[in-house]
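For reference, the structure discussed in these notes is given below.
We did not get these values from a lab; they are worked out from the coordinates using the rules stated. Computed from a predicted model, the values in this text were never measured in an experiment. No Cβ is skipped: glycine too gets one built from the backbone with ideal geometry, and neighbour counts run over all protein chains shown.
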Amino acid sequence: MRGHLFFVRLFVPVAFFMALVWIGEPLYARYAIDQMLLALEGAPVPFVRLFGIWLGIFLLFNVVSAAMFYVKWAIQHDLLAQTRQMYYERALQLDIRHHVKTRGGEMMKKIDNAADAMVDLMRQIFLELLPSSITAAIFLIISAFISWQLTVLIIALLPLFVLLLTVYVRSTRGNMDIVNALWVKSLGRGYDAMTNIFTVKSAGAEGRELSSMEEIHRKGIAELRKVNRAWSIFEGFGTFMLIRLCLIAYGMYLLVHGELSLGSLFFYQFTFFRIVMPLEMLSSMMPRWNELMGRVRLAEEMFLQPVTIRSKSDAVRLPDVRGRVVFDHVSFTYGDADTLRDITLEVEPGEHIALVGHSGAGKSTIAMLLNRFYDVSGGRLLIDGTDIRDLDLTWWRQQVGLVMQENVMFNDSLLENIRYASPRASREEVEQAARRASAHHFIAALPQGYDTPVGERGIRLSGGERQRVAIARTILKSPAVVILDEATSALDSVTERAVQQGIRELIAGRTSFIIAHRLSTVRSVHRIAVVENGTITAYAPHETLMNQSTVYRDMVELQREGVLAE
Ligand SMILES: Nc1ncnc2c1ncn2[C@@H]1O[C@H](COP(=O)(O)OP(=O)(O)O)[C@@H](O)[C@H]1O
Ligand SMILES: [Mg+2]
């Protein structure tokens, strides 16, 4: 992105040169016209030379315009890429806490909107308004030498224009705010319908969705019509014409009294537009600035949120992870109520423990803390004796493998999906991991094998296949600590059995936390922790728990009767 600065540096001299060429034309026109007037009095006029120079100025003008155009666009493109990159980087850094509140698509939409708006604002201000203001200033100074009276007249009349502009912007700001809010709403509505397309279609609600969108548009257009009306009046009966008329009248007066040449009068007709151009730009930009600023503000929120989950400057990477995990009086809150209270749990390296308990008890939250998606609110979480907050974050996440109920896939090939966490893995290593995850068989049977695209969010794979791909991905990552959060809960028991083999391969020899709905799947673990209402009420092997924990015994009994525990 170093080219960016190159063009920015180039912009200043090009813009300056452009202003000189611009002023050159009217100055020359003034001279040429006065020369031609002399012809009326009988003096010889070198037409060819006069016209030749004029042509030269035109050609120069074209070349400089082209250069200006190129430089402007180059700056804009670089700016857009950089701004997007900056927003995207921030979005990726943001704590999970913020991500769960916003939908991914919305976040990208915001980023895109804000980057576009930011670039648009910078372009208007620095690439359009600023150079044209400089040009206008140069024009004013030079024109003062030609006729101070006319220059004073222009300066005196300009405030009138500014006044009218302010009135216009004030009077339409409210309407524009309404329109902006409506457009955001229409986007949100459309986005909702698209993400819930199955529900929309099965309810036969396409027509309803369409007409509610139409309703939003109808309101927006009605508001815009009002803005439009005010704008047209301003454009049509604006003060430019008035100023120009005064200029002509006063200029003619000076001309007849011999204080101004005809060439100079022409000069003012030429320069007038350049002098008022920044004001005219301002007036056409104003209504849009509200909208653009609004878009930038929407994304600003991303920068106001502090990023708290990050590596400390002296973060450590353990040379050899054994996988001893200790929750030491851990408490946690998502914001309001306490989700976890005084959790104490010691897990030995390579030990398999299960977390069981009713839905909403806090099991997944424990998994979140282990991945350090959130930090504990109280107590400590120790990995081989080191506080998780002292570990290098990226490194630690490499040491943890997480398989969830729904493992979203990237719209890419199976190969890339399996090696997403270990991008340097070879095809052979991927295949080996897939074999161990019992995924090789079905992958090899696909027409394109490992190169088969999985479709948006893995839609082309069955639930069991997706889980096996996720397990293969985790096996390949070779983590020290494995977390399975309801990894097989969405599968029927036959499919579950196919996946179980892969899970056994994955957890073998690794510290593993298995959160499962069906208790039959967790019998073989070393110890079981019963999670109730955000705290651990019992922690022991199955047999002991059957005697110790009534909650656990009840859950086992219920499932034996075939009722799914909730
Ligand atoms: N991102 C979140 N923000 C606020 N509350 C949450 C969030 N995630 C989970 N919770 C709440 O925390 C509690 C524990 O949830 P969870 O750990 O997912 O339970 P479990 O996995 O045992 O079913 C629930 O009351 C749930 O509503
Ligand atoms: Mg859960």
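List of remarks:
- Mean-position separation - Cα centroids, the range 317-354 and the range 140-212, in angstrom: 53 Å
- Summed residue charge, Cβ within 12 Å of Leu393's Cβ, Lys/Arg positive, Asp/Glu negative: +2
- Near the amide H of Val482, within less than 5 Å, lie the amide hydrogens of Gly401, Thr511, Ser512, Phe513, all on another chain or at least 5 residues away, with H placed in the peptide plane.
- Total formal charge among the other residues, if their Cβ is under 9 angstrom from that of Phe270, Lys/Arg +1 and Asp/Glu -1: +1
- Each Lys or Arg adds one and each Asp or Glu subtracts one; over the other residues with Cβ under 13 Å from the Cβ of Lys312, this totals -1.
- Label zone at Trp231 (point 7 Å along Cα-to-Cβ), backbone N below 13 Å, the range 145-179: 169, 172-173, 175-177, 179
- Acute angle (nearest 10 degrees) that the helix 130-146 long axis makes with the longest principal axis of the chain, alpha-carbon atoms: 10 degrees
- Each Lys and Arg contributes +1 and each Asp and Glu -1, all at the Cβ; summed about the Cα centre of the chain, the dipole is approximately 720 debye.
- Net charge dipole size for the range 325-560 [Lys, Arg +1 and Asp, Glu -1 on Cβ; Debye, nearest 20]: 600 debye
- Relative contact order [Cα under 8 Å, 6+ residues apart], the chain, whole percent: 14 percent
- Restricting the GluC sites (Glu not before Pro) of the range 253-317 to loop positions (DSSP other than H, G, I, E, B) with no more than 14 neighbouring Cβ atoms within 10 Å leaves Glu259.
- Per-peptide packing, taken as the mean over residues of other Cβ atoms within 10 Å, places 510-520, 48-58 in the sequence 510-520, 48-58 from highest down.
- Note: the chain, Cα convex hull, 229 Å³ per residue.
- Span per principal axis, largest first, for the Cα atoms of the range 200-349 (Å): 104, 55, 27
- Tally of Lys pairs whose C-alpha atoms are under 15 Å apart, taken over the chain, 8 or more apart or cross-chain: 5
- Relative contact order (%) - criterion: Cα under 8 Å, at least six apart; region: the range 436-566: 20 percent
- Computed lengthening from His257 to Ser65, 0.36 nm per intervening residue step minus Cα-Cα distance: 65.2 nm
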